[in-house]
1. Counting other C-beta atoms within 10 Å, and keeping those with at most 11, which DSSP coil GluC sites (Glu not before Pro) do you find in the stretch 441-488?
2. Can you compute 3J(HN,Hα) from phi for each residue in the stretch 189-195, using the Karplus curve 6.51 cos²θ - 1.76 cosθ + 1.60 with θ = phi - 60°, rounded to whole Hz and x for Gly and Pro?
3. Hey, what does the equivalent ellipsoid look like for the chain, semi-axes from the Cα gyration tensor as sqrt of 5 times each eigenvalue, largest first, whole Å?
4. At 7 Å along the Cα-to-beta-carbon direction for both Val83 and Ser150, put a label point, then send me their distance in nm to one decimal.
5. Regarding the stretch 179-249, what are the three Cα extents along the principal axes, ordered largest first, in Å?
6. Pop the C-beta distance of Asp132 and Lys543 into the FRET formula with R0 = 60 Å and round what comes out to the nearest 0.05.
7. What number, rounded to the nearest 500 deg cm²/dmol, is the helix-based mean residue ellipticity at 222 nm of the chain, given -39500 (n - 2.57) per DSSP H run of at least four residues and division by all its residues?
8. Tell me which trypsin sites (Lys or Arg not before Pro) from the stretch 213-275 have a DSSP coil assignment and no more than 10 other beta carbons within 10 Å of their own.
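The values are calculated or read from the model by the stated rules, or taken from the named source; none is laboratory data. Predicted, not measured: the structure shown is a model, and the values here were computed from it. Glycine gets a Cβ as well: all are built from the backbone with ideal geometry, and neighbour counts include every protein chain shown. Note: areas computed on protein heavy atoms with side chains; ligands, DNA, RNA excluded. Shrake-Rupley method; radii C 1.70, N 1.55, O 1.52, S 1.80 Å.
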Amino acid sequence: MLKGIGVSPGVAIGKAFLWGRERLSPPRREISEGEVAGELARFERALARTTEEIIQIRKKIAQEIDGEHAHILDAHLLVLEDVLLIEETMRRVEQEKVNVEYVFSDVLEQLARRFETMDDEYLRERASDVRDIGRRVLRNLLGRKRKDLSDLDKEVIVVAYDLSPSDTALMHKEKVIGFVTDVGGKTSHTAIMARALEIPAIVGLKDISARVNRTDQLIVDGTNGVVIINPDEETLNRYRKEEVEIKVVERKLAELKDLPAETRDGHRVELVANLEIPEEIPSLLAHGAAGIGLYRTEFFYLNRSGLPTEDEHYQAYKSVAEQMSPHSVIIRTLDLGGDKFTSQLEIPREMNPFMGWRAIRFCLERPDIFKVQLRAILRASTHGNLKVMYPMISGIEELKRANQVLEEVKEELRKKGIPFAEDLEVGVMIETPSAAMTADILAKEVKFFSIGTNDLIQYSLAVDRVNEKIAYLYEPTHPAVLRLIEGVIEAGHREGIWVGICGEMAAEPALVLILLGMGLDEFSMSAVALPEIKKIIRTVTLKEAKKLVKQVLTLSTAEEVEECARKKLLEIDPEILRRTERK
Ligand code: PEP
Ligand code: MG
């Protein structure tokens, strides 16, 4: 039994499927003198094909994205011309009379290791270029195509060192019934995607990818963060029973679907969902979402060739707006970077990607890309109730610049006579400490705030949200976080705008009481969490929640706050443990 961080609830029982960086370690095979020439010719063909592939990718980047970033691939081309790598491989094939893929992978590994031990950091990082390109050559030598997670032919539990958000977005839940990884944190976008797809998942299991074998049977208990490898019959039966019980609880909660999110003393809040891909909408409506509080549009840019065109954006937003109408849909503009990347935009690798060239920073420097999205949002705004929201705003200048781009786009549309909702509301995410501390200034320029606690917590506590080693420090109940949130809500209300939250904190039952008591107006979360949170809101009174806030604001540690909130929740709703924490 291994314990990790349960990031998506539910139980999955099935066979392991080891997935990850391909281990292309070709077997050694002796060859005859007569085969040498054929081996060398095969090698030259594979090198030529790989060079051609890279030139094509380079060309595409230069044409579709920009010339500046295409040079990243020059480093890959240089590896292919590396005299030592090529000549040493050929020499050894001739002398040792061994198959070329075996020799090549050996020489390649030696070269990569030499880079790794260099003093210069830049050169050390080239080791991964060498391995990347080596894998490409080997694939061409072995005639293999990489399998992706969208074309599995049977039900599996994916076991990996890590999964990127784009890998996860490709999963079909009929085939991938659960996944577990060595690394990762609860608010990583891989974890968020797992909840969106309702796939039970556990991250931060340290070395599970090395412990599990291809034929192993696994139980993934995403609710409690527990994986059991090759369980005995008794354990299996216990979990099968549990699966049935979960369904019963879910059915009970589903009865609340059409009731308002209102406290016992009549205080109503908005309970809405986060959306990553439009396919989630039926599930979102089935869970009772009264709108979309955060549409993470960047997933639209992942797993595709070429950037989405304006019309593709428009069709997607129009369809989401229509399906959700009359409810509102808050479209967040492109938030790439951090842990979300696409090969379409060769954003250079950075030392601190979460604090780097991401989200609005990227969009303001690439108005060509930004405007395509804004135009599409504006055009789609006549088909439903759309709002727009900028991510990662760190100060008023950025907000004003973004609004200026929006105004330019509106003016262009007006000139062309293309209709859009003139009163489209604009909001900002409050997810940097600087935005939180200047919320009073920002509030004057927007119609609403949505607090992005996933990022706000990582920046205010200086704790990387995807690093499992420091996950214990990622504390939503830290007094610093609570003070920031309270300040934002107050500042927003003082300026007469509403304040919501769209970080994962909104789905933590005990913390919902605190947020409610602080006067938060809107809660947006993964759809799966909605029924439980509605149940809690409908069980408590605003008065009780306010009293709890007073109490927790006097406490000095995250643990004390959490303890206090949990105690209160248990008092108000003694059934809660039975519903959310199963053994
Ligand atoms: C957040 O940061 O809280 C948020 C909702 O945005 P994302 O998780 O996509 O960074
Ligand atoms: Mg964020």
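1. Of the GluC sites (Glu not before Pro), not one in the loops of the stretch 441-488 has a Cβ with at most 11 other Cβ atoms within 10 Å.
2. For the stretch 189-195, the Karplus-derived couplings read 6, 5, 5, 4, 5, 4, 5 Hz, x marking Gly and Pro.
3. 45, 31, 21
4. Using points 7 Å along Cα→Cβ, the separation is 4.4 nm.
5. Here the spans come out as 32, 31, 17 Å, largest first.
6. The calculated FRET efficiency here is 0.50.
7. -15000 deg cm²/dmol
8. Those that pass, being in a loop and sparsely packed, are Arg214.
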